[in-house]
Amino acid sequence: MGSSIGAAGSRSESQAKPAAISITLTVNGESRTLSVAPWTTLLDLLRDRLDLTGTKKGCDHGQCGACTVLLDGRRVTSCLTLAVMKDGAEIVTIEGLANGDADALHPLQKAFIEHDAFQCGYCTPGQICSAAGLIAEGRAKTADDIRELMSGNICRCGAYPNIVAAIQEAMDAMGGRR
Amino acid sequence: MNNFAYSRAADVADAVRQIAADRNAKFIAGGTNLIDLMKYDVERPVRLIDITRLPLRAVEETRDGGVRVGALVPNSDLAYHPLIEARYPLLASAILAGASAQLRNMASTGGNLLQRTRCLYFYDTATPCNKREPGSGCSAINGINRTNAILGTSEACIATHPSDMCVALAALEATVHVAGPSGERCIDFADFHRLPGDTPDRDTNLESQEIITAIELPAKGFAENHSYLKIRDRLSYAFALVSVAAALEINGGRIRDARLALGGVAHKPWRDREAEALLQGAVPERTVFAKAADRLLRDAKGYAHNAFKIDLARRAIIRTLAQAANATPQIQSVKKIR
Amino acid sequence: MTSSIGTATSRVDGRAKVTGRAKYAGEFNVPGLAYGAVVMSTITKGRIARIDTTQALKVEGVIDILTHDNRPPMASDDKDYSDDVAPEGGSPFRPLYDDRIRFNRQPIALVLAEDWETARFAATLVQVHYEVEGFATDLHAELERARAVDKPVKPRGDASKALARAALRLSADYLIPAEYHNPMEPFAATVIWDGDGKLTIHDKTQGVQNVQRYVCGIFHLKPDDVRVTSPFVGGAFGSGLRPQYEVVLATLGALKLKRPVRVVLTREEMYGLSYRPMTLERLALGASAEGALDAVMHEAIAMTSRNEDFSRNDTAWAELLYKSSNARYVHKLAALDVVTPADMRAPGAATGVYALECAMDELAVALKLDPLELRLRCYSERDQGSGQPYSSKQLRECYRQGAEAFGWAKRNAAPRSMRDGSELVGWGMATGVWEALQMPFATRILLTANGHVEVSCAATDIGTGTYTVMAQVAADMLGAPVDSITVKLGDSSLPQAQVEGGSWTAASVAHAIANAADDLRKELLALAQTMPNSPLQGLKLDDVVLADGAIAAKGDTRRSIGLADVMRQAGVERIEKERGSDFKEDDKHAHNTHSAVLAEVKVDEELGVIRVTRVVNAVAAGRIINTKTATSQIMGGVVWGIGMALHEEALVDHAFGRVMNANIAEYHVPVNADIHEVKVIFVEEPDSVINPLGIKGVGEIGIVGVAAAVANAVYHATGTRVRDLPITLDKLARPTGSGDLELGQSRAAKQ
């Protein structure tokens, strides 16, 4: 029998909470001024502070893509994004994808339902936001391209073929809209 | 994640001033690796200095025909930049072989160079790791080391550098521009990353008060004959077991210039000038590629689970050189290996 | 009115899921919420000598830190920690109960703070002093100490003797590593302390009533005081069958603080939960030169924890698939210092059938027989264990339709004989089998005078499509459109349900709905017949149907009355009927689902990179309620099977007793680029015996056989047999006879 010390070991750092900083974000078209601690990720800000829980936490380490949102029009993993660094940015989440109209569906949302491109639904908002980013990037021409460029979004239910079909249909429906 | 302070740098001089004032501060740009590591409590900076507002986002031609890439250019912007696509397709391809579309949108050029190893033990604070806690020991040497290094290892560390982009930059002989308290300097890419030796906690030769400002690509881009081939455990979104960047200049049926760099095998992108020299002047064919591969791997050393990498690297080198010679570079979204 | 059952109906919960409005357990933001962060053990076995929380408690915003020393009272009997799915006779793990460390990443403290970031930071400051003990986590080192568990499947004939006499003998060992469920949604619980001793618990679980009983047991609470909901579950695959520790920790926090508490596990913490146990499968087959099986011997040795014996049927699947007069099955468990393993998608079958179907492939090679032809020669019309015929078994048709869709006839039998440029092409096949189970469930139908229908049950939809199939069944039974029906699930206060697992939910809830609908029709008929000049006078229950919002005489829709009229006339605002599934026991048949899986792989000859380019999965699973969602279920199973074959493996460093790839970057599951063409075929399989609607369920069958089909295809492509999963490219390059030799000894001997 030996002894061992776990967790932090000895630390000399202070236990003070970091000072909050005021930032302004445009979230789904609405300007929000918020006081945010530096250690708050965009993901936690959306989910815990703004009650926009459509953006999902799957791994919290950029490994699964469930937290994907559009930041200034580009898809990013919000779990690895510190909110304070994005002062002035424009964020679109799954809740705002259809131009904030609660009853309308974005072509991707329609296509995901039609093609049954999800089962449990937990990776779905990230898949859809990622697909919106993919379409905006305009780089995917083939099914192979879609598969590769959507590989940052893990679907454990295994809906991948349906996800690819849904994205292809939405791309067509959007007529190559950027 | 610890309770760090946050500040923004207004310009490069300010960034250098701020980092010089705080030994335990770190720069943050894309954050894709740093925040990841902070959440695992592996990195514990007392201050993050946000450099994303610095004017380091240009991709521009240099007077001597090269291209200078600002340190803050996102990986995806670089991969899809017309100058890079046209003149340095090897670099574009390597970037697209790495991470995911989301992470490439976030990660910066400078930050890509500063990625830390993905060694399983480095990431787990419950286990000893000389890179994380100098002197605590290397758990990987006698542990799970299937993804670890086969070249340039030491008794202290067998970690690999995880970047794909850097493998291409090594092959292209890029230069790293840095700024520090005593001014600016340039570091050859080959000298930027270090071997572990007995100081595996130091990944690079960047001084603690320096900041990367740009990567400069020389004029020669090997746009005709090149390929980046990445071998991994699934077909996308995984780190390389072995990756190869091959760049050839072929003229009159002979190789006039050759560059060969490997990822996933060492603490830094691995180049071997002697191996490259074997290619120079030769007719591009598999026997010559095999000789170069054997030369490059002559000192390779396998551990309990990663010895397969030696033969895999050999085959991958031969194949990638063939792709480059045939002007049939690997296309990252097509999974059949050409 | 056309039937909804059997159609490709889009998910009724689809809109909620694609708009982000579906709320999962960790997403109920309530005022006063406190956030919990878990501290895990960094050792594998021993005891906690001291936990120093001084530094952590100094962090501004930290409310409290719970450990075994200061937690609220918990029950002291094992039975109070048991649950519907717990192995019998074990001692379930008790979170924060005492100072014992039983496995690595065991939860040992819960930091409660005003926000998540503060809790997470403070958790890193908790210092734990351990007394460390020696431990065992390596199955291979413990094989000799494994004990046989009682299994109901008895031996037939004398397998050893028959094997010894067989014209051809094949024996081989196969290994499946520990695999983690890794649902995309982390385990999470939000526990709301209602002020009067009552708790509302939003938990990620496959069984809300199971969790309710469990929490009541541990904390000696009354069922009326604990309500558990789980309206949406972000994947579970078996990991949510038993209550997990997040619900205990969050409840401890809420009871201690008397305020709402949320605990969301990190991805790493999910590796301190359950998993598919590493299992060594030892197969021995004896056959005649014509391909008749004389003997089947299947021994499984799996890992379990020291406190509970978890095992499932890995070994007796040949009973159901292949004729053989001699068979012997042994299942052994090796107890390790680990958390108890658990059910994971087709538990027992995914692993056991993998081994059986690879062994059958090896046998076919040795016999120089087409592997599909071998299956047909051994085809069994009876469950040989019980001697009973099947309620239905269209496996032959699965083989036929699967082979035709795949183009199997064009296969060249010789390994390494098919290519596509630089790639070797391999075609492999395997059989899948699972049980068609049904369980007691109850549902309630509420009809309101405005024509709206609500169907409810405490069952959960873990992505399986339960919401949708219930709406479809209710629509058909009540003659109403699917979109007029609201389905409520995942609430312990709703009618009784079993956990969602084993592919039994669809059949069970469908019949509960049918029964409740019968009662509803009966009452509506009685009300209608009291109306003056009722056109339904004199009709009996079986003479009337509900259709298009009316009750009508069968075959004569002119004799009908609108339901709204019936209810208005009777002065009834709502009619509510609750019934159970009430299946008749059928002990005269075996009830199973079957499949034929055919896979194409392409393997780069020089580098060993494997791509699964095509999979056909032809499934016979009775009546398919929803062809769209059922196809997705099977497709998902195929993706899982590909992951099992090529990617998934927990890497344990036995020096630490710790999973080292405890994340979802280094623990590989398939990504989009790994999955190409997947074709799902549902073979017609009428079954009037199993239950009135002929439903069998499809949650598990999709994965069974897939890993074997892929592995067999890799062999066909390369001529290299890799028996220890996952088949990574380094194993293809392994010198023959090394590496897999100790685990994968195989020899085919001819007498």
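For every residue, the table says whether it meets (1) within 17 Å of the chain's Cα centre (by Cα); (2) surrounded by fewer than 21 Cβ atoms within 10 Å (Cβ to Cβ); (3) not in a loop (DSSP other than H, G, I, E, B).
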| site | (1), (2), (3) |
| --- | --- |
| B:187 | yes, yes, yes |
| B:190 | yes, yes, yes |
| B:198 | no, yes, no |
| B:216 | yes, yes, yes |
| B:230 | yes, no, yes |
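Within the stretch B:73-88, work out how many residues are outside any helix (DSSP H, G or I), under 20 Å from residue A:72 (Cα atoms) and open to solvent by less than 10 Å² (accessible area, probe 1.4 Å).
1
From the set of residues in the stretch C:1-31 that are open to solvent by less than 50 Å² (accessible area, probe 1.4 Å), more than 8 Å from chain A (Cβ to nearest Cβ) and part of a loop (DSSP other than H, G, I, E, B), which is nearest to residue C:510 (Cα to Cα)?
C:5
Within the stretch C:618-629, can you find the residues that are part of a helix (DSSP H, G or I) and open to solvent by 10 Å² or more (accessible area, probe 1.4 Å)?
Applying the first criterion (part of a helix (DSSP H, G or I)) to the stretch C:618-629 yields C:627-629.
Once the filter is applied, which keeps residues that are part of a helix (DSSP H, G or I) and open to solvent by 10 Å² or more (accessible area, probe 1.4 Å), the stretch C:618-629 yields C:627, C:628.
Given the criteria at the interface with chain A (Cβ under 9 Å from one of its Cβ atoms), surrounded by fewer than 20 Cβ atoms within 10 Å (Cβ to Cβ) and either among the small types (Gly, Ala, Ser) or over 30 Å from residue C:682 (Cβ atoms) (or both), does residue C:58 qualify?
On the way: at the interface with chain A (Cβ under 9 Å from one of its Cβ atoms): yes; surrounded by fewer than 20 Cβ atoms within 10 Å (Cβ to Cβ): yes; either among the small types (Gly, Ala, Ser) or over 30 Å from residue C:682 (Cβ atoms) (or both): yes.
So residue C:58 fits the description; yes.
Could you please give the count of residues in the stretch B:97-111 that are open to solvent by 20 Å² or more (accessible area, probe 1.4 Å) and either under 13 Å from the mean Cα position of the chain (by Cα) or away from chain A (no Cβ under 12 Å) (or both)?
Summing the residues that are open to solvent by 20 Å² or more (accessible area, probe 1.4 Å) and either under 13 Å from the mean Cα position of the chain (by Cα) or away from chain A (no Cβ under 12 Å) (or both) in the stretch B:97-111 gives 2.
Would you point out which residue out of C:367, C:356 is under 28 Å from residue C:643 (Cα atoms) and buried (at least 21 other Cβ atoms within 10 Å of the Cβ)?
After ruling out the rest, the residue left standing is C:356.
If residue C:546 satisfies every condition in (1) surrounded by fewer than 19 Cβ atoms within 10 Å (Cβ to Cβ); (2) part of a strand (DSSP E or B) but one, which is the exception?
(1)
Considering A:104, A:143, A:170, which residue is more than 19 Å from residue C:631 (Cα to Cα) and within 14 Å of chain B (Cβ to nearest Cβ)?
Answer to the selection: A:143.
What's the total number of residues in the stretch C:488-543 that are in a loop (DSSP other than H, G, I, E, B), under 30 Å from residue C:560 (Cα atoms) and not basic (Lys, Arg)?
Residues meeting the conditions: 10.
Count, please, the residues in the stretch C:32-51 that happen to be buried (at least 24 other Cβ atoms within 10 Å of the Cβ), touching a Ser or Thr at 6+ places or on another chain (Cβ under 7 Å) and facing chain A (nearest Cβ under 10 Å).
1
Which one of B:293, B:266, B:313, B:246 is buried (at least 22 other Cβ atoms within 10 Å of the Cβ) and in a strand (DSSP E or B)?
Within the list B:293, B:266, B:313, B:246, the selection yields B:246.
Check off (1) at the interface with another protein chain (Cβ under 7 Å from one of its Cβ atoms); (2) buried (at least 24 other Cβ atoms within 10 Å of the Cβ); (3) not aromatic (Phe, Trp, Tyr) for residue A:95 and give me the number that stays unchecked.
Here residue A:95 meets the rest and fails (2).
Go over the candidates B:173, B:207 one by one and state the one that is touching a residue at least 12 places away in the same chain (Cβ under 8 Å), acidic (Asp, Glu), open to solvent by 20 Å² or more (accessible area, probe 1.4 Å) and touching a helix residue (DSSP H, G or I) at 6+ places or on another chain (Cβ under 9 Å).
B:173
Test of understanding: among C:254, C:289, C:284, which residue is in the same structural domain as residue C:27 (by TED's automatic domain parsing) and small (Gly, Ala, Ser)?
Checking each option against the conditions leaves just C:254.
Based on what the data block shows, is residue B:44 free of Cβ contacts under 8 Å to residues at least 60 places away in the same chain, assigned to a loop (DSSP other than H, G, I, E, B) and under 28 Å from residue B:98 (Cα atoms)?
Spelling it out, residue B:44 is indeed free of Cβ contacts under 8 Å to residues at least 60 places away in the same chain, assigned to a loop (DSSP other than H, G, I, E, B) and under 28 Å from residue B:98 (Cα atoms).
Report yes if some residue within the stretch A:118-135 is more than 10 Å from chain B (Cβ to nearest Cβ), over 26 Å from residue A:46 (Cβ atoms) and part of a helix (DSSP H, G or I); otherwise report no.
no
Got a sec? Which of C:579, C:568, C:623, C:574 is more than 30 Å from residue C:674 (Cα to Cα) and at pLDDT below 95?
Result of the check over C:579, C:568, C:623, C:574: C:568.
For residues that are open to solvent by less than 50 Å² (accessible area, probe 1.4 Å), assigned to a strand (DSSP E or B) and within 14 Å of chain B (Cβ to nearest Cβ), tally how many sit in the stretch C:389-424.
Matching residues across the stretch C:389-424 total 2.
Return a yes/no flag: does the stretch B:28-42 have any residue that is open to solvent by less than 40 Å² (accessible area, probe 1.4 Å) and within 22 Å of residue B:183 (Cα to Cα).
Among the residues of the stretch B:28-42, at least one is open to solvent by less than 40 Å² (accessible area, probe 1.4 Å) and within 22 Å of residue B:183 (Cα to Cα), which makes the answer yes.
Hey, any hits in the stretch A:119-131 for a residue that's out of contact with any Gly (no Cβ under 7 Å at 6 or more places or on another chain) and open to solvent by 30 Å² or more (accessible area, probe 1.4 Å)?
no
So which strands (runs of 3 or more DSSP E) stay within the stretch C:119-201 end to end and still have 1 or more residues that are at pLDDT below 95 and either among the acidic types (Asp, Glu) or open to solvent by 50 Å² or more (accessible area, probe 1.4 Å) (or both)? Lay out the reasoning, then the answer.
Working: elements: C:127-132, C:168-176, C:188-193.
Of the strands (runs of 3 or more DSSP E) lying wholly inside the stretch C:119-201, those with at least 1 residues that are at pLDDT below 95 and either among the acidic types (Asp, Glu) or open to solvent by 50 Å² or more (accessible area, probe 1.4 Å) (or both) span C:188-193.
For the stretch B:269-290, give me each residue that is open to solvent by 50 Å² or more (accessible area, probe 1.4 Å) and not aliphatic (A, V, I, L, M).
B:273, B:274, B:280, B:285, B:286, B:287
Matching residues to (1) buried (at least 21 other Cβ atoms within 10 Å of the Cβ); (2) modelled with pLDDT of 95 or more; (3) more than 30 Å from residue C:411 (Cα to Cα); (4) more than 16 Å from the chain's Cα centre (by Cα):
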residue: C:640; (1), (2), (3), (4): yes, yes, no, no
residue: C:652; (1), (2), (3), (4): yes, yes, yes, yes
residue: C:665; (1), (2), (3), (4): no, yes, yes, yes
residue: C:677; (1), (2), (3), (4): no, yes, no, yes
residue: C:698; (1), (2), (3), (4): yes, yes, no, no
residue: C:713; (1), (2), (3), (4): yes, yes, no, yes
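Within the stretch C:442-460, take every residue that is touching a Gly at 6+ places or on another chain (Cβ under 8 Å) and over 23 Å from residue C:349 (Cβ atoms) and give me the one that is nearest to the other protein chains (Cβ to nearest Cβ).
By that ranking, first place goes to C:458.
Inside the stretch C:321-336, can you point out the residues that are closer than 27 Å to residue C:138 by Cα and buried (at least 21 other Cβ atoms within 10 Å of the Cβ)?
Correct list: C:328, C:329, C:331, C:333, C:334, C:336.
Regarding residue C:70, is this residue within 14 Å of chain A (Cβ to nearest Cβ), part of a loop (DSSP other than H, G, I, E, B) and either open to solvent by 40 Å² or more (accessible area, probe 1.4 Å) or of a type outside the set (A, V, I, L, M) (or both)?
Spelling it out, it is not the case that residue C:70 is within 14 Å of chain A (Cβ to nearest Cβ), part of a loop (DSSP other than H, G, I, E, B) and either open to solvent by 40 Å² or more (accessible area, probe 1.4 Å) or of a type outside the set (A, V, I, L, M) (or both).
The values are calculated or read from the model by the stated rules, or taken from the named source; none is laboratory data. Just so it is clear, the model here is predicted, and its values are computed rather than measured. Backbone-built Cβ (ideal geometry, glycine too); neighbour counts: all protein chains shown. All accessible areas refer to the heavy atoms of the entire protein, side chains included, with ligands and DNA or RNA removed. Shrake-Rupley method; radii C 1.70, N 1.55, O 1.52, S 1.80 Å.
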